[in-house]
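Report on the structure given below.
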Amino acid sequence: MLNRLLATACLCLALPALAQDFHAGNIAISHPWSRSTAPTVNVGGAYLAISNHGKQPDTLLSASSPRAGMVELHQNLNQNGVLKMRELKDGLVIAPGQTVALQPGGAHLMLMELAKPLKSGEHFPLTLTFKRAGKVTVEVSVDDGAAAGDAHQH
């Protein structure tokens, strides 16, 4: 009986950490994550979902992190069978009522000039800047199992 109570108490204490939801104005950000990087690689990607619960569009303008010298918003495009990546210099619009997933193979945040590799199990801050909602800092989990079966790598 005591073991069940302890297990339940531990689970209840862990639930807020598992939620990984962040808010700024009408914007909600959920499950920010990244993959680990090899010791010789100084770039990586950050992924998350952005929901707009407002009545007006908002735009993700930029991002920054102390773990990267530079963070850019990128989009992968398939042009005639060739996968190309381009920066979204004007940002990413999130329409009212819409959820946009930044994910491998699509729009994502490119972490460049990493000072040290990202290691599975660690966390790092990432600040997102929106046109309307302003700035929000999220905690990115480095989780190699977050997109199991996805072969896309930077």
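Values as computed for the structure displayed
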| quantity | calculated |
| --- | --- |
| Residue that is modelled with the lowest pLDDT [pool: residues in segment 1-51 that are crowded, with 17+ Cβ neighbours inside 10 Å and in a loop (DSSP other than H, G, I, E, B)] | Gln20 |
| Qualifying residues in segment 65-87 (those that are in a loop (DSSP other than H, G, I, E, B), of a type outside the set (Gly, Ala, Ser) and in contact (Cβ under 8 Å) with a residue 40 or more places away in the chain) - the one surrounded by the most Cβ atoms within 10 Å (Cβ to Cβ) | Arg67 |
| In segment 52-64, residue farthest from the chain's Cα centre (by Cα) [restricted to those that are in a strand (DSSP E or B) and within 12 Å of Gly25 (Cβ to Cβ)] | Asp58 |
| Boolean, Gly145 is over 23 Å from Gly25 (Cα atoms) and surrounded by 13 or more Cβ atoms within 10 Å (Cβ to Cβ) | no |
| Selected residue (only one of Val82, Val71 is at pLDDT below 95 and aliphatic (A, V, I, L, M)) | Val82 |
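Per-residue answers, yes or no, for (1) over 23 Å from Gln20 (Cβ atoms); (2) β-branched (Val, Ile, Thr); (3) in contact with a Gly (Cβ under 6 Å, 6 or more places away or on another chain):
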| position | (1), (2), (3) |
| --- | --- |
| Ser64 | no, no, no |
| Lys84 | yes, no, no |
| Thr99 | no, yes, no |
| Leu128 | no, no, no |
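The values are calculated or read from the model by the stated rules, or taken from the named source; none is laboratory data. Only a predicted model underlies this, so the values are computations on that prediction, with no experimental measurement involved. Note: ideal-geometry Cβ built from the backbone for every residue, glycine included; neighbour counts use all protein chains shown.
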